[in-house]
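I have placed the structure first, in the form of structure tokens, so that the comments after it can refer back to it.
What follows draws every value from the coordinates through simple rules; no lab data is involved. This one's a predicted model, so the numbers in the text were calculated from it and none came from an experiment. FYI the Cβ positions are ideal-geometry reconstructions off the backbone, even for glycines, and counts take in every protein chain you see.
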Amino acid sequence: MSSAASTARQTSLPTLPRAPSTPTSSTPSTVLPSVPAPPCPRPWSVTVTQPPTRAARHAGSVQGGPPRHASGSFWQAAAMALQTIPARIRWAVDIMDLQPNDHVLEIGCGPGAGAELICSRVSAGKVFAIDRSESGVDRTKRRCAQYVEAGRLTVRQIDLATLRVPVKRLTKVYAFNVNLFWVRDCADEIALLHERVLPGGAVYLFFEATRPEQVPMIVEKASGALAQGGFRVSVVQRKAPAVVGIIGKRLG
């Protein structure tokens, strides 16, 4: 074997010095003040003007973050809900604090956005939607076809005064922008609702408040009608989107 090869085999790379893991006694240690880590950005955000209700927290799968084991079809449905259901409707339905076994009447279902959102939260109960307009009924049926076919939603073209609800009693009644409750006398309709709503249930009347000068009159008329009909009344309001809600609680 040549001397060059022997030299190459016996030569090793020098070992680099390693920094000590702990400070030595000759080097004083310096303790830096702790700095809080910046918040980690979340892929979902929630903007509310008041603490979310129980229903809003339950609906976090749409507004606040994903539920556990969410599937691809869930995300498609959630994205569609965010795009097609107006914020004012979502806020109003959140206020109602819907429970899975509720029986809900919607007065004036119109395009069907409210009925769709209500049905998505009332999984074990029933929803009954009425409208005087044939086009409103047709639009709601098309939009909520899956709930109609499943027997969870019934849609009828009738007036509130001739209402015949296909359940014994209602737990909640929902109406959005139904002028009946503040532009004319509605004592008969309120009496009918008081008869149909269970004790502890409630009537929720919501109106867009885009014309502030009308809000006091709307609140006065609707509140007075509910109070005279035997309901205990409270009022909720949101500035953006501008919505006012008059809630009539059915006592025993």
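Below, the figures for the structure above:
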{"item": "Count of the range 122-152 residues which are within 14 Å of Y174 (Cα to Cα) and either among the hydroxyl-bearing types (S, T, Y) or in contact with a helix residue (DSSP H, G or I) (Cβ under 8 Å, 6 or more places away or on another chain) (or both)", "result": "4"}
{"item": "Tally, over the range 199-252, of residues that are buried (at least 16 other Cβ atoms within 10 Å of the Cβ) and among the polar types (S, T, N, Q)", "result": "1"}
